[in-house]
1. Contour minus end-to-end for residue A:179 and residue A:303, with contour as 0.36 nm per residue of separation and end-to-end as the Cα-Cα distance?
2. Find the relative contact order for the stretch A:132-194 and round it to a whole percent, using C-alpha pairs within less than 8 Å whose residues are 6+ positions apart.
3. Provide A:37, A:140 in ascending order of the number of other Cβ atoms located within 10 Å of each residue's Cβ, fewest first.
4. Per DSSP H run of n ≥ 4, the term is -39500 (n - 2.57); total these for chain A, divide by its residue number, and report the mean residue ellipticity at 222 nm rounded to 500 deg cm²/dmol.
5. Normalised radius of gyration for the stretch A:442-509, please: alpha carbon Rg relative to 2.2 N^0.38 Å, two decimal places.
6. Could you work out how much longer the chain between residue A:429 and residue A:399 gets when fully extended? Use 0.36 nm per residue separation minus the Cα distance between them, nm to one decimal.
7. Can you tell me the orientation of helix A:2-23 relative to chain A, as the angle in degrees between its alpha-carbon axis and the longest Cα principal axis, to the nearest 10?
8. Using a 10 Å cut-off on Cβ atoms, rank the peptides A:55-61, A:516-522 from the highest mean neighbour count down.
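We did not get these values from a lab; they are worked out from the coordinates using the rules stated. Because the structure is predicted, anything quoted here is derived from the model rather than measured. When we count neighbours, we look across all protein chains shown, and the Cβ atoms used for this are built from the backbone with ideal geometry, even at glycine.
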DNA sequence: TTAGGGTTAG
């Protein structure tokens, strides 16, 4: 009798807690209810724990998601499923759902058709093709392969791991398909931008399509660099939503067509945070930082709150514009509005401060990044290198190598710049060789420019000239300019003449090249030649003095 | 179970 009263009492409390959780909308509220559950000794209740786990994930609070799960002594299938789903929603913690899956197998609990789709979301987010394939094998053995959502998420997982053929393998074997199955395959094509004629054929023969199918076709053509076809799809769509407009807009910005993007932006029936951010990013990435900032202020006027992604591009725009006031403004904006200081935001801040010469602040912010990636390292290295801190830049590069972060082409631009500005010719040549041989990075025009600059500063003009002539991408203004500047330093008229001739052809309106050559002649007292160059400059660069030509 | 936005470059 007493037991039943007590259990009735307890059930009341469980119901009450469940009702409270249903109504809970904020993280502080959630923590309060969690505390109530704990005080009432209900934390072993698996249903309440499942709800808590989901809500903590919804508020992106992985620490507590894990805490709640691990405080339940014998987790059942439902709690495992809720927790796997919870971690699959937090991109940085997807690996946890795979760990949970392994744990549930170990505990002898059999996954069901609700387990797999979320697991595959995690595999997709991690590009964990290996795990995904293994779990696929278990599905075949256990007979859950007849569930549509399970197969659909499998197609999606293979697609997101760039395994288009495997997506088709699953798709072709399905006896029953729905629009999601088709869309998942179209999404796989879209991600790669590959084989769009096959995608088009599939699209044309779909029994039913929806706006997601159309949008996937746009993405596919954009990623395949076929903007005309992308636009044709966009124009033919029976109905467009805000995603369709934004997708097309991004298609234009990705290919540098900012004007077309802006036309679309102005014509959109509705805009959301993502559309604004996409347009701001379009400007920031295509060398129009002023426009990016102007649009950001219009976004504020429209009372759309920016998030971390928006601010990443805004910071990048400020970095390009420079100026103490702007740098200070954006820094305090991020602080005051509580913008999430994630890896990308911090990297953009590191880059901005480094570009503006505030090396200490850049280093301080870099230390705030828990796991710096190739972007964060490159931002710091290039920033340090271009402000005369070559030694420090190389020190950071060594740290990067020690932490097993793979450098990319841009990292090496920074590394080579550091060597060139510090006069470390031997090291520079060694890094160059290592870049090609160990890291299999194809040297670009910027790398050549660094090495040419380095050799030129060291007075090895013949060697530098030889390198310029061996560039597989042909003559390039950056490398040629560096060599011409070195010719000025060392008064080498012969190489200067040959280099300047090429530069005049490549950039006839860049007056700096004429001025350099004229001053080389002047330093050798070849006054007649110097005058000739100045006259040629006046003919070709009317009213186009350096610093004004971009207006 | 399916679709859109972010950082590094002489």
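1. Length difference between fully extended and current span is 41.0 nm.
2. Once divided by the residue count of the stretch A:132-194, the mean separation gives 34 percent.
3. Going from sparsest to densest Cβ surroundings: A:140, A:37.
4. Calculated at 222 nm, the ellipticity per residue is -23000 deg cm²/dmol.
5. Cα-based Rg divided by the globular estimate yields 0.98.
6. Extra length from residue A:429 to residue A:399 when fully extended: 8.8 nm.
7. 30 degrees
8. A:516-522, A:55-61
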